[in-house]
Amino acid sequence: MSGFASTTDLADKQVSFEELGPGLYGYTAEGDPNSGVVIGDDSVLVVDAQATPRMAEDVIARIRTVTDKPIRHVVLSHYHAVRVLGASAYKDAEILCSDVTRDMIAERGQQDMDSEIGRFPRLFRGKESIPGLTWPHLTFHKRMTLWLGKREVQIIHIGRSHTAGDTVVWLPKERVCFSGDCVEYGATPYCGDAHFTDWPATLAAISALGPQRLVPGRGRSLMTAEEVEEGVAQTGAFTSDLFAIAKAGVAKHWTLKQVYDEAMAAMRPKYGHWVIFEHCMPFDVSRAYDEAKGLDHPQIWTAERDIAMWKALEKGE
């Protein structure tokens, strides 16, 4: 590799701001982290805040092309820095997340901030504008319903998958879902904090909602029920394939490096064209290996652990 993780990935992505239905938008960027927008009768809700206040300002600018209503709520789909650290740009907005997500911010938010910025600097443009960790004003247990006037917004802690706190935003009348990183499309799932055993049931819970349109965590907006089904299936196939390789390797008493080499050989032909495949796989294999060995609670990624793991797997050091 030419540099640690994605430190050499510096090319900007083309942003799309697509209407999913009246007052509903997906902010997507060719595999970079997505945001969602829900416009209610009197105010706006944003799903995922982006990585820095400067980057959040672009989301706000897009919103201002379609409405001048105040942005009063920001929902965090999970705790990762690329999703939450831009929240301070949404002045006077109430920050909402699951109780488990808040616990994860407290437990590992600072380490995640430090490690993510080191891994992927392009995703943290304007990092000097980050005032610190993002803390929610309001947490909920399992689910809550927010009414934006007559528009019903269900906020659901859908289950463990990408993280333990994964939350989706669901509009039952419009049948539109903002899934966070529970679902990806044409983008490699990052699984460093994952729960592989639980991920299939979480995907099934999303499918059971019956979404007709869905904004994934990464990748373009999915505009039909068939595309939604494809995105769910893609994510399920990747995570299941990887975990099966890890479980088989652990059963054979393989080292982490042996499992990684097997996973890369088996999965690159099928998934190697997805964005951030090379970036994610060392972290993904490390977590799959841990879970296959019985470690339910993911290890905390620190900047030091990141680099040591990357050297061991990518460079054979």
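What the table shows:
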quantity: Any helices (runs of 4 or more DSSP H) falling wholly within the stretch 243-317 and containing at least 1 residues that are open to solvent by 60 Å² or more (accessible area, probe 1.4 Å), under 20 Å from residue 193 (Cβ atoms) and free of Cβ contacts under 8 Å to residues at least 24 places away in the same chain; calculated: 303-314
quantity: Residue within the stretch 29-38 that is surrounded by 21 or more Cβ atoms within 10 Å (Cβ to Cβ), in contact with a helix residue (DSSP H, G or I) (Cβ under 8 Å, 6 or more places away or on another chain), in contact (Cβ under 8 Å) with a residue 24 or more places away in the chain and on the phi > 0 side of the Ramachandran plot present; calculated: no
quantity: Members of the stretch 106-133 that are aliphatic (A, V, I, L, M) and out of contact with any strand residue (DSSP E or B) (no Cβ under 8 Å at 6 or more places or on another chain); calculated: 106, 113, 117, 130, 133
quantity: Complete set of residues in the stretch 166-207 that are without any contact (Cβ under 8 Å) to a residue 60 or more places away in the chain, aromatic (Phe, Trp, Tyr) and outside any loop (DSSP other than H, G, I, E, B); calculated: 170, 199
quantity: Qualifying strands (runs of 3 or more DSSP E) (wholly inside the stretch 46-148; at least 3 residues being open to solvent by 50 Å² or more (accessible area, probe 1.4 Å)); calculated: 143-148
quantity: Residue match in the stretch 201-221 (condition: of a type in the set (Lys, Arg) and open to solvent by less than 50 Å² (accessible area, probe 1.4 Å)); calculated: yes
quantity: Residue match in the stretch 2-12 (condition: modelled with pLDDT of 95 or more, of a type in the set (A, V, I, L, M) and either surrounded by 17 or more Cβ atoms within 10 Å (Cβ to Cβ) or under 21 Å from the mean Cα position of the chain (by Cα) (or both)); calculated: no
quantity: Condition check for residue 159: out of contact with any strand residue (DSSP E or B) (no Cβ under 8 Å at 6 or more places or on another chain) and either touching a residue at least 40 places away in the same chain (Cβ under 8 Å) or buried (at least 24 other Cβ atoms within 10 Å of the Cβ) (or both); calculated: yes
quantity: Filter result for the condition that a residue is more than 29 Å from residue 12 (Cβ to Cβ) and modelled with pLDDT of 95 or more, over 284, 241; calculated: 241
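The values are calculated or read from the model by the stated rules, or taken from the named source; none is laboratory data. Because the structure is predicted, anything quoted here is derived from the model rather than measured. All Cβ positions, even for glycine, are placed from backbone atoms using ideal geometry, and neighbour counts span all protein chains on display. When the accessible area is computed, the model is the full protein with side chains, heavy atoms only, and any ligands, DNA or RNA have been set aside. Shrake-Rupley method; radii C 1.70, N 1.55, O 1.52, S 1.80 Å.
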